[in-house]
Amino acid sequence: MFWGCFSAKGPGRLIRVKERMNGAMYREILSENLLPSARALKMKRGWVFQYDNDPKHTARATKEWLRKKHFKVLEWPSQSG
């Protein structure tokens, strides 16, 4: 599995995840890769992070971590029929 990020300014980091990912690992990946990618791409304040509805992305601990780090988040829309 891979984790990566991208923006209109270009691609950010892409890392290979060799183990089964859980919420704690996901938050560690974000901590070590998301902000450094945003800095490398010279993203200005106000950029928005979006993730899908995978349980590790929507876990209470992950949402709290994102809130504490002051990330602006655009949540993935629910699928309704």
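Since every read-out is calculated from the coordinates, none of them should be taken as a lab result. A quick note: this is a predicted structure, and the numbers were derived from the prediction, not measured. For neighbour counting, all protein chains shown are included, and Cβ atoms are generated from backbone atoms with ideal geometry for every residue, glycine included.
Hey, got the dipole for the range 2-75? About the Cα centre, +1 on K and R Cβ, -1 on D and E Cβ, debye to the nearest 20?
340 debye
Per 0.36 nm of contour for each residue apart, how much would the distance between residue 32 and residue 9 grow if the chain were fully extended, relative to their Cα-Cα spacing?
Value of the extension gain: 6.3 nm.
What's the extension gain from residue 17 to residue 51 if we count 0.36 nm per residue and subtract their Cα-Cα distance?
10.5 nm
Under a point spin-label approximation (7 Å from Cα along Cα-to-Cβ), what is the residue 58-residue 78 distance to one decimal in nm?
According to this spin-label approximation, the distance is 0.8 nm.
To make sure I understand, if each residue's beta carbon is the centre and we count other beta carbons within 10 Å, what order do 28, 19 fall in, fewest to most? Walk me through the numbers before you get to the answer.
Details: 28 13, 19 7.
Final ranking by Cβ density, sparse to dense: 19, 28.
How would the chain be classified by its alpha-carbon gyration tensor: rounded, prolate or oblate, with rounded meaning a/c under 1.5 and the a/b versus b/c comparison settling the rest?
Cα axes put the chain in the rounded bin.
Report, ordered by chain and residue number, the lysines lying within cross-link reach of residue 72, taken as a straight Cα distance under 23 Å and ignoring same-chain residues fewer than 8 apart.
9, 42, 44, 56, 63
Suppose a student asked you for the relative contact order of the chain, using Cα pairs under 8 Å spaced at least 6 residues apart; what percent would you report?
Numbers: 68 pairs, mean separation 21.5, N = 81.
It comes to 27 percent, rounded to a whole number.
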